[in-house]
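What follows is a short report on a single structure.
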Amino acid sequence: MMALRAGLLGVGMMGRHHARVLREVEGVDLVGIADPGGDPHGVAGDLAILPDIEALIAVGIDIAVVAVPTRFHEDAALKLAAAGVHTLVEKPIAHTLEAGQRMVEAFAAAGLVGAVGHIERFNPALQELRRRIAAGELGAVYQVATRRQGPFPSRIADVGVAKDLASHDVDLTAWVVQSDYERIFAQTAFKSGREHEDMITITGRTASGVIVNNIVNWLSPMKERLTVVTGEKGAFVADTSTGDLTFYANGTIPLEWESVSSFRGVSEGNVTRFAFAKREPLRVEHEAFRDAVLGEQTDVVTMQQGLRALAVVEGALESAREGTAVTLLA
């Protein structure tokens, strides 16, 4: 089978990694790169840097990756859809819900694969977590709590921490429990002198009744990427910065210390840290996108799912502005 001819729009901080992985994935041939800002990281190799999306399309491509600032996603994606090119757009899907909806409709109408780069779904710890939950190892899921904290990244200028980082947690939470957010309440803080928020907390509930809590900020001197899923049989803790997954089982040994047994709802059981293959998330994401283009069933994040994540984030920002809970439409 002929390799898929791939084009890349944007070779900034994220685009440079896409360039590397597109060259590594079997069945994909990177044939064109476009970036009006040139090649700051020197990743083009023997490819000429093209000036814009039109020039990239003219090369003749089957698939494209869009890794430019969010406000340019819609224009590039609509032109790619019109040209019949399957497209992976970096998250968030777009700068507004209306723009995202137009993208969803364009790719659906053209019968093309439109995907969004919510890379955390492809983290080995979360992939393993999802597999074990699906196998019933946790029993009923009660709560998902995430913490995504760290210093301010100078690469981000056009969105706040909600769209840049909280969108990861919204997508991975809904995917892990296989249920969309239904009702949320959020609070934000503006501490770094920028127009966009640099801290947000989101609490809410999914349609299936799972309680969720997402803590996200750009104000912490340490980097933290944790997802804790508590359920009937214990709790999973996924550290997506290291790819580790640990299970804390509910205890089965009766507690003899009366003051402790009366205080705790469950007792502490065995703690298991799992060993499993840890592949680079971006490579796994690209393989899922490739396979989806080839007609296979994969966990690629569809544009519809990317739009849902953006809707939750926009709802959280509305909740923070108004000081009220927001019910999300199905």
For Pro51, the net charge from surrounding residues (Cβ-Cβ under 13 Å; K, R +1; D, E -1) works out to -4
What's the angle, to the nearest 10 degrees (0 to 90), between helix 124-134's Cα axis and the longest principal axis of the chain? 60
Taking Val116, Val266 and ranking on accessible area (1.4 Å, protein atoms only), highest first, one gets Val266, Val116
Can you tell me the 0 to 90 degree angle between the C-alpha axis of helix 73-82 and the longest principal axis of the chain, rounded to 10? 60
Working from Cα positions, state the angle (0 to 90°, nearest 10) between the long axis of helix 97-110 and the longest principal axis of the chain. 60
Cα-Cα P(r), the chain, percent of pairs per 20 Å interval: 30, 56, 13, 1
Ignoring ligands and nucleic acids, what accessible area does Glu197 show with a 1.4 Å probe (Å², nearest 10)? 10
Quick one: accessible area per residue over segment 178-330, 1.4 Å probe, rounded to a whole number of Å²? 55
For His196, solvent-accessible area (1.4 Å; no DNA, RNA or ligand), Å²: 40
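Please give the per residue volume of the convex hull enclosing the alpha carbon atoms of segment 107-237, rounded to a whole number of Å³. Each step should come with its number before you reach the end.
Working: hull volume 18.1 nm³, N = 131.
Measuring per residue, one finds 138 Å³ for the Cα hull of segment 107-237.
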When the helices in the chain are scored as -39500 (n - 2.57) per DSSP H run of 4 or longer and the sum is shared across all residues, what 222 nm value do you end up with, to the nearest 500 deg cm²/dmol? -9500 deg cm²/dmol
Debye log10 I(q)/I(0) at q = 0.23 Å⁻¹ for segment 1-132, Cα point scatterers: -1.42
So, with a 1.4 angstrom probe, what is the percent of accessible area on the chain that is carbon and sulfur? 52
Leaving ligands, DNA and RNA out of it, work out the accessible area of Phe190 with a 1.4 Å probe and give it in Å² to the nearest 10. 120
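Do any trypsin sites (Lys or Arg not before Pro) in segment 84-134 lie in a loop, going by DSSP, with at most 14 other beta-carbon atoms within 10 Å of their beta carbon, and if so which?
Values: sites: Arg102, Arg121, Arg130, Arg131, Arg132; in loops: none.
Sparse-neighbourhood loop trypsin sites (Lys or Arg not before Pro): none present.
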Cα centroid distance between segment 156-218 and segment 265-300, in Å? 22
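The values are calculated or read from the model by the stated rules, or taken from the named source; none is laboratory data. If you're wondering where the values come from, they're calculated on a predicted model, not measured in any experiment. Don't worry about glycine lacking a Cβ; one is built from the backbone with ideal geometry, like all the others, and counts go over all protein chains shown. Accessible surface areas use protein heavy atoms only, side chains included; no ligands, DNA or RNA. Shrake-Rupley method; radii C 1.70, N 1.55, O 1.52, S 1.80 Å.
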